[in-house]
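Any read-out appearing in this document is the output of simple, stated calculations on the displayed coordinates, not a laboratory observation. Because the structure is a prediction, the values reported are computed rather than measured. Here the Cβ is made from the backbone with ideal geometry for all residues, glycine too, and neighbour counts use every protein chain on show.
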Amino acid sequence: MSTWYDIKLATLQKLFAADGSTIPNDTSTKDYIASMPQAANEGLQRLSTAGKFIKKFIDIAHNPVTNRLGNTGKHIASMERGELTFEADGIRSLYFEYFGVGTATITVDGAEEPVTFALSSKQGYSEVRKLVDNPEDKHVVLKIESDFPIALKNIAMYTANFESDEEVQSYAEKVRYDLKELAPDFYMLDDSPIAYEGDLSTTRYENTSDFFQEGDKVLLLDRDTPGNFRIYYKAYPQEITSVTPDSTEMVLDPEVATLLPLYMASQLYKDDDNGIATTYRNEFEVAFSSLKDSSVAPSAERFIVESGWL
């Protein structure tokens, strides 16, 4: 695999500024090297998003916890004024979405004081994620009160513990996964099928189309189908900066790595010899066109989502 040093050396050789396997450290190469990161990033973006894609995959451990309210929680509960009540035993956390204004009260059987907080959402539904202090697994009641119209949906009461309020699982028929958050270099979903691995009582391993895509970066998985999902995606290339170590390995196939110095040289040599720069650019464009017809993908890298949900 080529390193950033290899790319720089190959570029300088095309600029007639290096000979052999060593990058000269003098004034003849200083300006070229300073301009290389920008030229490299331009070439990498074009090669990786329109030429030959970098393919990687994410493993999503899809394991939604059980809602003790059952399917009732999926329905929208609304009222013009009054109160709505939800209750279950052993609740340690809860989640719901609401639209309107009112007050929420969480009461643990036997607790001296309930937990009360205000609700106010006038532009779309807002989320509430709450831990419940219930170490003895007593009966818990969630009461919503309002003198005005208010609506709730995706109401969930869990016996599961979480590390913080923010970590409490959302609840919906489809669970959303923001692929850009799971893989910062995510560019777009690949055409490869999504692989599903279930437990011993269901299908062990198969390609599946049982998912939805929301926008271009959000994946929705069925809440009632737990298991491991392997999602293949096309990745943005790594970014090169002025402090990128020479030893940095470039995540590129050899045929792509050989084209990058061509592009860089065509950009860097315009002021010195526009004719040679144009020749390099023409060579790059011809090879680039052939890459777009290639079906061979670069090697994958693996990411594991340990939490299993967002």
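Odds and ends about this structure:
- Cα long-axis angle, helix 274-292 against the chain (0 to 90 degrees, to the nearest 10): 50 degrees
- The chain: relative contact order in percent, alpha carbon pairs under 8 Å with at least 6 residues between: 30 percent
- Relative contact order, percent, the range 70-167 [alpha-carbon distance under 8 Å, six or more residues apart]: 47 percent
- Rounded tilt (10° steps) of 27-46 against the dominant C-alpha axis of the chain: 50 degrees
- Between the Cα long axis of helix 259-268 and the first principal axis of the chain there is an angle of about 70°, rounded to the nearest 10.
- DSSP beta bridge pairing in the chain, given as percent antiparallel to the nearest 5: 95 percent
- Taken about its Cα centre, the range 70-167 carries a charge dipole of roughly 480 debye when the Cβ of each Lys and Arg holds +1 and the Cβ of each Asp and Glu holds -1.
- Dipole in debye (nearest 20) - the chain, about Cα centre, beta carbon charges: Lys, Arg +1; Asp, Glu -1: 620 debye
- Selection from Gln45, Gly110, Asn154, by position along the positive dipole direction of the chain (Cβ): Gln45
- Where chymotrypsin sites (Phe, Trp or Tyr not before Pro) fall in DSSP loop in the range 28-59, at most 10 other Cβ within 10 Å: none
- Label sites at His75 and Thr3, each approximated as a point 7 angstrom past Cα along Cα to Cβ, lie 6.6 nm apart.
- Per residue Cα convex hull volume in Å³ - calculated over the chain: 191 Å³
- Bridging of Lys30 to lysines at a Cα separation below 26 Å is possible for Lys8, Lys14, Lys270, once same-chain residues fewer than 8 apart are set aside.
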